[in-house]
Structure formats: C-alpha cells, structure tokens
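Here the structure is laid out as structure tokens; the discussion comes afterwards.
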Amino acid sequence: MAEVKIHAGSCHCGAVAYEVETDLIGLIECNCSHCHRKGFVLAFVAPDAFRLTADGPQTEYLFNNHKIRHRFCQTCGVQTFARGEGPGGIPMVAVNIRTLTDIEPWSWTAERVDGRSF
C-alpha cells in the first residue's frame, strides 16, 4: 500500500504553489478535449488535503457543465489545480501531478479514462 505524503507543487514561474497530501494512487489521464490538450494527469483529493502556499494571480476557466473551476497562473499559464465536485456532489480538488516538484516524471501510473465519450 502506498504511503500518503505531503508533496510540493507549483506553476512554472512559482507564483502559484501548493502542498497536497496524497498517495498518488488512483491517478487518471483523461482524453476529454480539455485534459488531452493540456496533458493532465490528475489526483483527486479532499479540500483539506490541499493548501496553497503561494497564491499568485490566477485566472479561472469553466467549460462543459461549469462544475469544475480550473485555475491557472496569469503569469506563466500553467494550470496546477481545479476545484469542483466529485461523484455525489462531494467537494474535491483535482491536482495536476505534472506540476509536482518533488517527484520524478513518469514515476507514477495513471488509469486512462474515456472522458471524451461523456
């Protein structure tokens, strides 16, 4: 069983930075028009497992059914996380693990999800 750890992440310029508690299990790589174009690999966590440590200028992007508030840095354009609701209306934060600064690229495994068909 993987261990829950506190991981650090940020946008490219560092204006938006965060810590997230996750075991990096249950990661998804979605093929919807948004995730696919941006190359996201996502970890979903409860809001209390996510903390902004640098809250630089951000912009919000809503698409499809407007239930997920995608946040990205106004300076460098990197989307580090989104806030929304998971199944059953449970609040969640979707973290783009490609923005974690303390793990090796491709040291994780993600399930491919067919979001394009939803």
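Any read-out appearing in this document is the output of simple, stated calculations on the displayed coordinates, not a laboratory observation. Because the structure is predicted, anything quoted here is derived from the model rather than measured. Ideal geometry is used to build each Cβ from the backbone, glycine not excepted, and the neighbour counts take in all protein chains shown.
In order along region 107-114, the Karplus-derived 3J(HN,Hα) couplings, from 6.51 cos²θ - 1.76 cosθ + 1.60 at θ = phi - 60°, round to 8, 10, 10, 10, 7, 7, 10, 8 Hz, and Gly and Pro are given as x. For Val113 and Ile90, the FRET efficiency from 1/(1 + (r/R0)^6), where r spans their Cβ atoms and R0 equals 25 Å, is about 0.90. Per residue, the average separation of C-alpha pairs within less than 8 Å and at least 6 apart gives the chain a relative contact order of 32 percent. Judged by a Cβ-Cβ distance under 4.7 Å, the unpaired cysteines of the chain are Cys32. Here the 3J(HN,Hα) profile of region 2-7, calculated from phi with Karplus coefficients 6.51, -1.76 and 1.60 at θ = phi - 60°, is 6, 8, 6, 10, 8, 10 Hz, Gly and Pro shown as x. Here the spin labels are modelled as points 7 Å beyond Cα on the Cα-Cβ line, and at Ala2 and Asn65 they lie 2.6 nm apart.
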